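The structure appears right after this line, and notes come after that.
The values are calculated or read from the model by the stated rules, or taken from the named source; none is laboratory data. A quick note: this is a predicted structure, and the numbers were derived from the prediction, not measured. Note that each Cβ is placed from the backbone with ideal geometry, even for glycine, and that neighbours are counted across all protein chains shown.
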Amino acid sequence: MKPKISYYLSHPIQYFSPLLREMSEEFDLHVYYFSDASIRGNVDVGFGQPVKWDIPLLEGYSATFLKNISGRKSLSNRIWDVVNPSVVTSLFKRDASIVIVNGWSYFSNLLTIIAAKMLGKKVWLRAENPLHQELKKSRNALRIKAVILKYLLFPFIDKFLYIGKESKQFFEYYGVKPSRLVYTPYAVDNELFQKESACLKNKELVKHQLGLPREKDIILFTGKYIEKKRPLDLIKAFHLLNASSAVLVMAGEGELRKEMEVYIHENDIKNVILAGFINQSEIARYYAAADVFVMCSGMGETWGLSVNEAMNFALPVIVSKTCGCAEDLVHDNSNGFLYEERDIKALSDGIRTLLENEELRGKFGNASLKIINDFSIQHIVQNMKAAI
């Protein structure tokens with residue numbers, strides 16, 4: 001008999017759906033969502049526009065949407081964004097032995113954890129907080145949080161599902177013992193992306209289809225134009241680079257677009273393309289066209305799954321050390337470069353090094369592909385099975 005698991009998530013997420021489908025193969029799984037914002041096409045706060053993902057988010061597993069009485073249509077990590085009293089009813093109705101909760105940002109996360117434990121269920125918590133970002137907070141904030149987590153929240157948790165080295169260190173910092181830790185690496189659908197990569201091997205053709213110059217190298221950014229992602233850092237680094245042989249493609253959207261456009265215009269920067277929001281069915285083409293991938297995010301970037309995606313296309317990656325994934329995915333000077341957040345010159349120098357050396361790009365790209373194969377959905381499910 002398959003272990004019975006109930007998984008509570010804020011809303012359908014494009015990165016999580018493949019994992020839930022894989023879990024359904026191994027477990028008697030039912031997913032409960034606190035909100036349906038991502039499938040209704042509501043305004044995404046980060047992108048600053050309505051977003052409706054064009055891939056199936058609900059296929060291959062069973063799910064229920066719990067009524068959210070908060071009255072809020074969009075999610076922005078505020079505790080009262082989702083309030084679902086029916087969480088309690090759902091826990092009574094389904095006799096799952098294990099309840100997995102993703103994070104503790106919302107009221108309903110906390111309600112699920114407390115109610116599940118009171119009903120005698122095993123509670124597993126999956127979270128992505130990186131320790132190095134945590135330690136940048138004030139001493140008083142850390143003391144208060146230590147009391148809340150160590151003595152109020154974490155006693156309700158049986159297993160802590162960490163996503164990488166920084167996530168593990170975060171839990172350990174707040175007193176979680178090794179016996180309660182389970183490694184569930186942050187992963188995308190590697191099989192799908194590598195299949196798409198194989199189908200898009202003709203880079204010149206892909207560039208032509210996207211309207212990109214075939215003769216130029218492509219530096220790629222994918223993500224929201226918001227402060228956390230620091231897109232202006234990359235534009236400034238590209239300006240400093242002054243490479244007429246390259247094009248900077250920024251696939252995304254958000255509140256910083258106007259500021260980015262003004263900077264590009266005032267500094268007369270050529271060959272920068274603000275491509276706008278690119279949906280999941282099209283993003284593979286941009287990775288296939290790229291020669292270098294950059295993630296320049298700052299505080300609040302708890303991982304950066306776009307790096308996983310890029311590495312599935314055998315791309316060299318340049319990532320700021322602040323990103324949660326940096327220590328796990330980027331082996332400095334092996335599959336890419338790490339640099340200190342906000343260090344525009346170091347970012348520009350890293351890009352220059354890769355643009356000037358095609359052989360090095362190929363070497364780093366192959367290393368990326370090898371590394372990312374260890375960060376798989378199958379690995380997550382195997383470790384969950386072993387933890388039961």
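Here Ser320 fulfils each of the conditions (1) out of contact with any Phe, Trp or Tyr (no Cβ under 8 Å at 6 or more places or on another chain); (2) in contact (Cβ under 8 Å) with a residue 12 or more places away in the chain apart from (1). Within region 9-19, if we keep just the residues that are more than 22 Å from Thr89 (Cα to Cα) and either hydrophobic (A, V, I, L, M, F, W, C) or in contact with an Asp or Glu (Cβ under 8 Å, 6 or more places away or on another chain) (or both), the residue that is modelled with the lowest pLDDT turns out to be Ile13. Whether a residue is crowded, with 18+ Cβ neighbours inside 10 Å, among the hydrophobic types (A, V, I, L, M, F, W, C) and touching a residue at least 40 places away in the same chain (Cβ under 8 Å) was assessed, and Ala289 passes this test. Residues that are out of contact with any helix residue (DSSP H, G or I) (no Cβ under 9 Å at 6 or more places or on another chain) and outside any helix (DSSP H, G or I) within region 135-177 comprise Lys136, Ser138, Lys177, listed in sequence order.
From the list Pro130, Pro56, the one residue that fits, being farther than 29 Å from Gly298 by Cα and out of contact with any strand residue (DSSP E or B) (no Cβ under 9 Å at 6 or more places or on another chain), is Pro56.
Return yes when Phe364 is under 21 Å from Val247 (Cβ atoms) and assigned to a strand (DSSP E or B) and no when it is not. So Phe364 does not fit the description; no.
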